[in-house]
Amino acid sequence: MSTQTSPQKESVLQKHDNDVVIVSAVRSAITKGRKGGFKDTKPELILAHVLRAAYTKADVDPTLIEDVAVGNCLLPGAGAGHARVAAIHAGIPIDASVNTVNRQCSSGLSAINQIANQIRVGQIDIGIGAGVESMTFGGFGSGGKASYSEEAMATQDAKDCLIPMGITSENVASDYGLSRQVQDEFAAKSFQKAAAAAKAGKFRDEIVPMKVKSVDAKTGEITEIVVAEDDGIRDGVTVESLSKLKPAFTKDGSTHAGNASQVSDGAAAVLLARRSVALRLGLPIIGKFVAAATVGVPPRIMGVGPAYAIPRVLALTSLSLSDVDFYEINEAFASQAIFSVQHLGIPFEKVNVNGGAIAMGHPLGCTGARQVATGLSVAKQTGGKVFVTSMCIGSGMGMAAVFVSEQ
C-alpha cells in the first residue's frame, strides 16, 4: 500500500463534524444460486439478518434509524414490499421509512449513496444503505421478457440495451483484444486470492452467520444449517483447469462459467451517520463515505463502466489514481474488469485484494454494498486508508465511490 500522502489525500483523510461516517458494515455469506446455502431462504429473511446485524454490531438503538434504502434488481416492484417486511422483521421500528433502489449491478452502492446524501443535506442523521438479491427466488432467468415499442427501439444504442450480458463481455474482449488466456489468468487469480483469504479467516469479521432452513432435494427433509462462509469459492483453480471449460455465449467465444461472476444469493448493509451525531452517541466510527459518481457508456460494451466512473469520482475528490490504496472493482466478467484496470493503469495487485465476484459470486443488488464491507475489512488487514469501489451496470453505465477507513 502507498505510504506517501499527497495534499489531496490528506484533505480527504481529515475529519469534520458534518462527515458521513460508517458505523458498521456487514454482509451475509454469498452462496450459489439454486443450490447453495440460501437456496431455500427468501431474500427478505437474508436482508433482515444483515439489517439487524448492522445496528446490533455497533450497539445502535434501532429507534434512531430514520431511513433504509435497499438495492435490489430482480424482485417484483424492485423489492419494495420485501424490503419493508425485512426492516420490520429486523426490529427496525415502523416509523422508519424504507425504499428500494434499482440501478442494476450498482443498486447496493446507489442505496448507500442515497442515504449518505440525505445525511449530508440534513434530511436525516442516521440511516442504512443495503442491498439484497436472491437469484434463486428473484425470477432470474424465469420471468417473461419485457416488451418495448418499435419507436423506442429505432436507434441502435437503444437496441443494444437488450444485448445479453454475456455477449457484451464478448464484445469487450473482441473490441479490446483481450484473449481467453488473459481472462483465465485473471479469473484464476481471483479464485486463488479468495480461497487464500477464506482459509486465513479474512472474511470472518464482515460476514454475519445465519441459521436457516435447508430442504434436501431428494428426501424433502428440512434441517437447520448455519451459513457463515461463501460457498462459491473453489480452491485449486488454475488457468489449466479453466481452459477446459467451454465458451458459454458464443461457439468461439472467450467468456465461460469460470471467468464470469456466479449466480448468487446474499445481502449486505452499511449503517451511516453524521459524524457529530455518532460522536455524541458514542458510536463506533470505522470509515467515511467521501463521494460517488455514475456515468453512461455504450450499451454494447456495458462492462467498461468502471474505466470511466472511477476517473469521474476521483475528479470530484481531487484525488489521483495513486492516492487510492486499493480498489474493489466488481468482476462481472474477467474481460471488463481487465479492460477497466488496464485502461486506467491501475496495478493489478491493488485490485480485489481478497478476490472478487468471479470467485465469490455477484448477487446483483447486493454487490455494491458487499464491496464496502469487504473494502473495510481489506483496509483493516492491510493498513490501507483510501479505497474505491466500482462496478459496471447493465444497459451501459458505471458507478464508483470513494471511502476512507478509520479503523
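The values are calculated or read from the model by the stated rules, or taken from the named source; none is laboratory data. In this text the structure is predicted, and so the values were computed from the model without any measurement. Every residue, glycine among them, receives a Cβ derived from its backbone with ideal geometry; neighbour counts consider all protein chains shown.
Below is a table of values for the structure above.
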read-out: Some residue of segment 26-40 being under 18 Å from residue 292 (Cα atoms) and under 19 Å from the mean Cα position of the chain (by Cα); value: no
read-out: Test: residue in segment 258-274 that is aliphatic (A, V, I, L, M), assigned to a loop (DSSP other than H, G, I, E, B) and over 21 Å from residue 376 (Cα atoms); value: yes
read-out: Search result, residues across segment 25-63 that are of a type in the set (Ser, Thr, Tyr) and in a loop (DSSP other than H, G, I, E, B); value: 28, 41
read-out: Which listed residue, of 361, 375, 384, is within 24 Å of residue 248 (Cα to Cα) and at pLDDT 95 or above; value: 361
read-out: Elements of type helices (runs of 4 or more DSSP H) in segment 301-407, at least 2 residues being under 14 Å from the mean Cα position of the chain (by Cα) and closer than 22 Å to residue 12 by Cβ; value: 367-382
read-out: Any hit, segment 6-29, residues being over 21 Å from residue 373 (Cβ atoms), crowded, with 19+ Cβ neighbours inside 10 Å and modelled with pLDDT of 95 or more; value: yes
read-out: Yes/no for residue 218 being surrounded by fewer than 14 Cβ atoms within 10 Å (Cβ to Cβ) and either at positive phi or assigned to a strand (DSSP E or B) (or both); value: no
read-out: Strands (runs of 3 or more DSSP E) within segment 64-175 that include 2 or more residues touching a strand residue (DSSP E or B) at 6+ places or on another chain (Cβ under 7 Å) and more than 25 Å from residue 390 (Cβ to Cβ); value: 97-101
read-out: Residue match in segment 289-300 (condition: in a helix (DSSP H, G or I), touching a helix residue (DSSP H, G or I) at 6+ places or on another chain (Cβ under 9 Å) and more than 29 Å from residue 203 (Cα to Cα)); value: yes
read-out: Boolean, residue 186 is closer than 30 Å to residue 403 by Cβ, aromatic (Phe, Trp, Tyr) and surrounded by 14 or more Cβ atoms within 10 Å (Cβ to Cβ); value: yes
read-out: Subset of segment 199-215 [surrounded by 13 or more Cβ atoms within 10 Å (Cβ to Cβ), of a type outside the set (Lys, Arg) and under 20 Å from residue 375 (Cβ atoms)]; value: 203, 205, 206, 207, 208
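One line per residue, one yes/no per condition, for (1) crowded, with 20+ Cβ neighbours inside 10 Å; (2) in contact with a Cys (Cβ under 7 Å, 6 or more places away or on another chain); (3) modelled with pLDDT under 95; (4) not hydroxyl-bearing (Ser, Thr, Tyr):
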{"position": "60", "(1), (2), (3), (4)": "yes, no, no, yes"}
{"position": "69", "(1), (2), (3), (4)": "yes, no, no, yes"}
{"position": "74", "(1), (2), (3), (4)": "yes, no, yes, yes"}
{"position": "81", "(1), (2), (3), (4)": "no, no, yes, yes"}
{"position": "103", "(1), (2), (3), (4)": "yes, no, no, yes"}
{"position": "108", "(1), (2), (3), (4)": "yes, yes, no, yes"}
{"position": "117", "(1), (2), (3), (4)": "no, no, no, yes"}
{"position": "129", "(1), (2), (3), (4)": "yes, no, no, yes"}
